[in-house]
Amino acid sequence: MSNLESNESDAVWKQIAPHLDEAIAQLNSVERDVILWRYFERRTAEQIGGRLGLTPEAAQKRVARALDRLRGILTEGGLTVPTASLTALLSTQAVQSAPVGLAASAITAVSATSAILPATSTLPIIMASTKAKIGLGLVLAASVTTPLVLQHQINTRLRDEIARLRAEPAPPPVQAAPSDTAELERLRGEHDELLRLRGQVSQLRQQVANQPKAPTKAISDGRNKADDGRAFELENARTLLAKAPEIPMIQRNEFRNAGYATSLASFDTMNWAAANRNTNAMFNAIGLESKARKRADELFAQMPEPIRQKYGSVDALLVDWKMNLAEAPEAYRVLSQREDGPDAAILTVQFQYPNSRVRENDLSFYRDQSGVWRQAMPPQVMDKLPYVISSQATNVPP
């Protein structure tokens, strides 16, 4: 029975052996490695798991899957082999390393046996036939397994060589010749020095460009005059504001329309009208004394026709002058008030203008026949009226 089973195994092995090399070549690298390790190198599941970083159970499953894959490839080629039979065949028939002279040795052994025994003996014939079968089987196994084993051994040696090379320390970098190193350092030093000098030149150019140009004599004189004027205005403002420091300045946002019942009320209303561009309030807050009116009427009669048609009277012209040509104050205060009869009063006032300029004036007020208090435009104001006429004439369209 054992001989029969052995003969059947030999027959199956003879069928699959010629195709085994091609079938194993169709496996992927991991499947091919586990087949060679398990059946050709006789490695255990623990050893295979150690190589793959797996547990023995996982390694055994990896071998089983690879074996099932190999059986499938053989089946696709028309060789139906059960998994158990394939496992048994590989376990019993495969070799780790088939010697190159295995086939020649087997044939030589068969020939030697035939030469020793008589030709007429049946036993020699049977023995020779049996040994021939064994020799042919060994030759066939060697022809199939030897390429796989040799390839596997070459791959193993290559892996070991790669691992050894990776483990070796990297070779030290090639040191430049001392002369080359010194020359390189010298060139680097010269380059750094050149960059430093270029930076200094750029800084000097920038400093020269940023330096203010020397002013001409006219500009210098003008600046000196402007500085002197500024200093005078500041000193004048300090002197004037030092008077009656207990009286506060009334700021622009505090100006109010106080009516015309008193000289002080009319003064408040006049400043409010100038700040708020109210011509009617300004018209009622100012007036001309008799001498000044006579001179103003004479000048107004000499104005161009477009000017006289535009304003209609000298009073309207003075209102426009007061509101549009005269500089409006930012703040004011009344220092004193004195009566100069029942219908006349004089207010001493201070005006504060932009740039901290401060002016102090005595303003005359009178009460007209209707009881309205007005600022009396002084006669000397009429001397400026020709300039006002000239400026108005240039602003009137033809």
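Look at region 236-259 and say how many of its residues are without any contact (Cβ under 8 Å) to a residue 40 or more places away in the chain, in a loop (DSSP other than H, G, I, E, B) and either surrounded by 15 or more Cβ atoms within 10 Å (Cβ to Cβ) or of a type in the set (Ser, Thr, Tyr) (or both). Talk me through it step by step, then tell me what you get.
At the first step, the residues of region 236-259 found to be without any contact (Cβ under 8 Å) to a residue 40 or more places away in the chain are 238-239, 242, 245-246, 253-259.
Now drop any that are not in a loop (DSSP other than H, G, I, E, B), which leaves 242, 245-246, 255-259.
After this cut, where a residue has to be either surrounded by 15 or more Cβ atoms within 10 Å (Cβ to Cβ) or of a type in the set (Ser, Thr, Tyr) (or both) as well, the list is 255, 257-259.
Summing the residues that are without any contact (Cβ under 8 Å) to a residue 40 or more places away in the chain, in a loop (DSSP other than H, G, I, E, B) and either surrounded by 15 or more Cβ atoms within 10 Å (Cβ to Cβ) or of a type in the set (Ser, Thr, Tyr) (or both) in region 236-259 gives 4.
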Review point. Taking region 314-348, which residues are among the aliphatic types (A, V, I, L, M), within 20 Å of VAL372 (Cβ to Cβ) and within 60 Å of the chain's Cα centre (by Cα)?
Key: MET323
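Results for (1) touching a residue at least 40 places away in the same chain (Cβ under 8 Å); (2) under 20 Å from LEU317 (Cβ atoms); (3) buried (at least 22 other Cβ atoms within 10 Å of the Cβ); (4) touching a Lys or Arg at 6+ places or on another chain (Cβ under 6 Å), shown as yes or no for each residue.
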{"site": "ALA261", "(1), (2), (3), (4)": "yes, no, no, no"}
{"site": "ALA273", "(1), (2), (3), (4)": "yes, yes, yes, no"}
{"site": "GLY287", "(1), (2), (3), (4)": "yes, yes, no, yes"}
{"site": "LYS291", "(1), (2), (3), (4)": "yes, yes, no, no"}
{"site": "LYS294", "(1), (2), (3), (4)": "no, yes, no, no"}
{"site": "LEU299", "(1), (2), (3), (4)": "yes, yes, no, no"}
{"site": "GLU305", "(1), (2), (3), (4)": "no, yes, no, no"}
Check your understanding: Has region 25-33 got any residue that is crowded, with 17+ Cβ neighbours inside 10 Å, small (Gly, Ala, Ser) and touching a Leu at 6+ places or on another chain (Cβ under 9 Å)?
Key -> no
Review point. Residue check: is LEU325 touching a residue at least 12 places away in the same chain (Cβ under 8 Å) and closer than 18 Å to MET377 by Cα?
Key: yes
**Study point:** In region 317-327, the residues that are out of contact with any Phe, Trp or Tyr (no Cβ under 8 Å at 6 or more places or on another chain) and either modelled with pLDDT of 85 or more or open to solvent by 40 Å² or more (accessible area, probe 1.4 Å) (or both)
**Key:** TRP321, LYS322, ASN324, LEU325, ALA326
Check your understanding: On the given criteria, is THR269 more than 60 Å from the chain's Cα centre (by Cα), at negative phi and in a helix (DSSP H, G or I)?
Key -> yes
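The values are calculated or read from the model by the stated rules, or taken from the named source; none is laboratory data. On a predicted model such as this, the values are computed, not experimentally measured, just so you know. No Cβ is skipped: glycine too gets one built from the backbone with ideal geometry, and neighbour counts run over all protein chains shown. Just so you know, the surface numbers come from the protein's heavy atoms only, side chains and all, with ligands and any DNA or RNA stripped out. Shrake-Rupley method; radii C 1.70, N 1.55, O 1.52, S 1.80 Å.
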